Amino acid sequence: MTKTVKDRQFRPVAVPDVELGGFWGKWQDAVCQSTAETLLDRCVEAGMIKAIDVSEPSPGIVIPIQPWGGTTQMFWDSDLGKSIETIAYSLYRRPNPELETRADRIIDMYEKLQDQDGYLNAWFQRVQPDRRWTNLRDHHELYCAGHLIEAAVAYYQATGKRKLLDIMCRFADYMITVFGHGEGQIPGYCGHEEIELALVKLARVTGEKKYLDLSKFFIDERGTEPHFFTEEAKRDGRDPESFIQKTYEYGQAHQPVREQKKVVGHAVRAMYLYSGMADIATEYRDDSLTAALETLWDDLTTKQMYITGGIGPAASNEGFTCYYDLPNDTAYAETCASVGLVFWASRLLGRGPNRRYADVMEQALYNGALPGLSIDGKTFFYDNPLESTGGHHRWKWHHCPCCPPNIARLVTSIGSYMYAVAEDEIAVHLYGESTARLKLANGADVELRQETSYPWEGAIAFTTKLARPAKFALSLRIPEWAVGATLSVNGRMLDLSAHLTGGYARIEREWSDGDRVALYLPLALRPQYANPKVRQDVGRVALMRGPLVYCVEATDNGEDLNAIVLPRELPAAETVVLDDLNGAVAIDISVEREETEDWGKALYRQTRPERRPHKARFVPYHLWDNRAPGEMLVWVQSEK
Ligand SMILES: [Zn+2]
């Protein structure tokens, strides 16, 4: 039987099966050396450990209840969950017995906290026990469970320890009895999506389909009528109309998910929902979900996404507004939202490699998510503007600390986004110095070594290590921007166009030990112009090189970055390696600069500013604010 593209089911490889060096290795070292421990320290300082320690009295309400009827304290389990997940991945890279003991102790506390029936939630067991399952719309109960499930899977994969996994299986088994359409069951779902994708991870690691079925139930129920959130509010004695976010669009519950055509509401929630939908589409080969996701993908990436892969321009709803509304200086573009976009894109690859998704995954990873972490792994961005007058800096922590562990867990698990396997195919979605141990369902064990200085240089070499020859396809992404890419196998050049499927070069053959594949992706500097409907970018240009968006910073270029004017035709640029920025490649380029010093005192005058030749230095946007603080700008003036 010949297989169609949609028949394939790609699943990510386990994090410990990929070892990173080079670019990502440095970032992972920063998390191992600093972030992983910092996350736990901050959780302790916030009082999160006391909240789960049944040998201590409950700390009660530490963060006051807000007008929306809840407090961020309700999500503490999620912060602990994401921190344990990060620690798990970091332990695989760098053993740290002290940190592992700290994580084990937290897991022991969760074991003691768990109710007989399997229920587990620090807030609703210790602070508001009478409010369990009464307000799924606002209270993040299943969201917290989802993050603890993800932590459990990660901790099990990294350490082999099952305790947290068993705890969360008990909780998930209990959920299966609680949720449904049967007598006394709740026909509901969480206001903040996350449980859906977490249950898929649990199903994949345990082999238990019942967890997939529960995830599918939450997805299928969402937005159906009679509306669960309305019925739930009435049952709870609350006015369904009295809702701070005013619309169920906020949590993508305004319509059944298969009918949704526009990306709306809270950006992180949207990304987590679509990630869960994509996983379920893969597992059940659900074409109706895939079709809905394709429409939503187009909506997001052609009308609502920053060039950085940042999404959700508004702080008011931490999310989406109207089409083409992409303000640069006030961009919210939460780190978590771009992390979520990476999650979604990677899961859309479950039904087969397609650069339409993978190119954006890479764009959002390098330019939307990664800025959230400083080079030393010690400070974090929550919102990610594309222009700053000098007042925007990384935080040591944040009152809602969702972003630090989110970017940290993504960085430390990046190997599982680089490679995916189907029955007889290996897909390489992202490039970076690494070694992957891959097990194909057809029995082949393949070690794939990837040698490269990507994303700084475009040469990438793969070497296979195989105990015996094996037949499988190797699919390598050829990014749309990589015009002039070349590919060879064991020194023989391949005609790329003849091998391209969905933007991937698919090499199907019998592979032997020591086979070599050489891929070259030209990293030409390229100007990027925004659709003229984006009013904030009119007359402006941004620079990209490979997957990286560049920006100018005051520390290299002085103040008044808006005075820089890029010529209509890009002049030759020089690349410079910056040792104080992780060996980043900077770009020095001849531009013009409008007079600011010589302009005089007048605020307005009849004559245009003079222009003088100037050499500007552009640096990768993800590295901004790692040196002397000051102005920053992505979209610079373009000569008319
Ligand atoms: Zn966040």
Taking segment 150-190 and keeping only residues that are assigned to a helix (DSSP H, G or I), over 12 Å from Tyr110 (Cβ atoms) and β-branched (Val, Ile, Thr), one is left with Val153, Thr159, Ile176, Thr177, Val178
The residue from Arg351, Arg356 that alone is more than 16 Å from the ligand (Cβ to nearest atom), of a type in the set (Lys, Arg), open to solvent by less than 30 Å² (accessible area, probe 1.4 Å) and closer than 30 Å to Gln9 by Cα is Arg351
* Check on Glu231, closer than 30 Å to Tyr382 by Cβ, in a helix (DSSP H, G or I), modelled with pLDDT of 95 or more and open to solvent by 20 Å² or more (accessible area, probe 1.4 Å) -> no
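So, in segment 567-580, of the ones that are closer than 17 Å to Leu523 by Cβ and either hydrophobic (A, V, I, L, M, F, W, C) or in contact (Cβ under 8 Å) with a residue 60 or more places away in the chain (or both), which residue ends up least open to solvent (accessible area, probe 1.4 Å)? Write out each step before concluding.
To start, the set of residues in segment 567-580 that are closer than 17 Å to Leu523 by Cβ comprises 570, 572-578.
If we keep only those that are either hydrophobic (A, V, I, L, M, F, W, C) or in contact (Cβ under 8 Å) with a residue 60 or more places away in the chain (or both) too, we end up with 570, 572-573, 576-578.
Numbers: Leu570: 56, Ala572: 94, Ala573: 48, Val576: 38, Val577: 93, Leu578: 15 Å².
Per the stated criteria, the residue is Leu578.
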Notebook entry, point to check: Would segment 269-282 turn up any residue that is closer than 29 Å to Val534 by Cα, part of a helix (DSSP H, G or I), open to solvent by 10 Å² or more (accessible area, probe 1.4 Å) and within 16 Å of the ligand (Cβ to nearest atom)?
Noted result: yes
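Between Ala602, Ala554, which is open to solvent by 50 Å² or more (accessible area, probe 1.4 Å) and hydrophobic (A, V, I, L, M, F, W, C)?
Checking each option against the conditions leaves just Ala602.
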Screening Tyr417, Tyr454 for residues that are modelled with pLDDT of 95 or more, in a loop (DSSP other than H, G, I, E, B) and out of contact with any Pro (no Cβ under 6 Å at 6 or more places or on another chain) leaves only Tyr454
Looking across segment 359-387 at residues that are more than 16 Å from the ligand (Cβ to nearest atom) and open to solvent by 10 Å² or more (accessible area, probe 1.4 Å), the single one that is nearest to Asp79 (Cα to Cα) is Lys378
A careful count of residues in segment 464-497 that are touching an Asp or Glu at 6+ places or on another chain (Cβ under 8 Å) and of a type in the set (Ser, Thr, Tyr) gives 2
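Scan segment 147-157 and give yes if some residue there is closer than 21 Å to Ala233 by Cα, in contact with a Lys or Arg (Cβ under 9 Å, 6 or more places away or on another chain) and open to solvent by less than 10 Å² (accessible area, probe 1.4 Å), otherwise no. Write out each step before concluding.
We begin by selecting, within segment 147-157, every residue closer than 21 Å to Ala233 by Cα; these are none.
Within segment 147-157, none of the residues are closer than 21 Å to Ala233 by Cα, in contact with a Lys or Arg (Cβ under 9 Å, 6 or more places away or on another chain) and open to solvent by less than 10 Å² (accessible area, probe 1.4 Å).
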Within segment 484-513, residues over 24 Å from Arg8 (Cα atoms), out of contact with any helix residue (DSSP H, G or I) (no Cβ under 9 Å at 6 or more places or on another chain) and in a strand (DSSP E or B) come out as Ser488, Val489, Arg492, Met493
Note on Ser55: of the conditions (1) under 30 Å from Gly432 (Cα atoms); (2) without any contact (Cβ under 8 Å) to a residue 60 or more places away in the chain; (3) of a type in the set (Ser, Thr, Tyr), unmet is (1)
With the first residue restricted to segment 393-404 and required to be at pLDDT below 90, and the second required to be hydroxyl-bearing (Ser, Thr, Tyr) and near the ligand (Cβ under 8 Å from one of its atoms), Cβ contacts under 6 Å at 6 or more apart or on different chains are His398/Tyr382
Looking across segment 309-348 at residues that are hydroxyl-bearing (Ser, Thr, Tyr) and within 15 Å of the ligand (Cβ to nearest atom), the single one that is most open to solvent (accessible area, probe 1.4 Å) is Tyr332
Across segment 305-324, the tally of residues that are touching a strand residue (DSSP E or B) at 6+ places or on another chain (Cβ under 8 Å) and on the phi < 0 side of the Ramachandran plot stands at 8
Those residues of segment 481-502 which are open to solvent by less than 80 Å² (accessible area, probe 1.4 Å) and farther than 13 Å from Arg516 by Cβ amount to Trp481, Ala482, Gly484, Ala485, Thr486, Leu496, Ala498, His499, Leu500, Thr501, Gly502
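Looking only at segment 158-178, filter to residues that are open to solvent by 10 Å² or more (accessible area, probe 1.4 Å) and among the hydrophobic types (A, V, I, L, M, F, W, C); which one of those is farthest from Glu196 (Cα to Cα)?
Looking at residues that are open to solvent by 10 Å² or more (accessible area, probe 1.4 Å) and among the hydrophobic types (A, V, I, L, M, F, W, C), I get Ala158.
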Being surrounded by 15 or more Cβ atoms within 10 Å (Cβ to Cβ), within 16 Å of the ligand (Cβ to nearest atom) and at negative phi narrows Ile407, Ile478, Ile414, Ile426 down to just Ile407
Criterion first (out of contact with any Asp or Glu (no Cβ under 9 Å at 6 or more places or on another chain) and more than 19 Å from Leu410 (Cα to Cα)) does Asp104 satisfy it? yes
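The values are calculated or read from the model by the stated rules, or taken from the named source; none is laboratory data. Owing to the predicted nature of the structure, the values given are computational and were not obtained by experimental measurement. All Cβ positions, even for glycine, are placed from backbone atoms using ideal geometry, and neighbour counts span all protein chains on display. The protein model used for the area step is the full one, side chains on, heavy atoms only, and it has no ligands, DNA or RNA in it. Shrake-Rupley method; radii C 1.70, N 1.55, O 1.52, S 1.80 Å.
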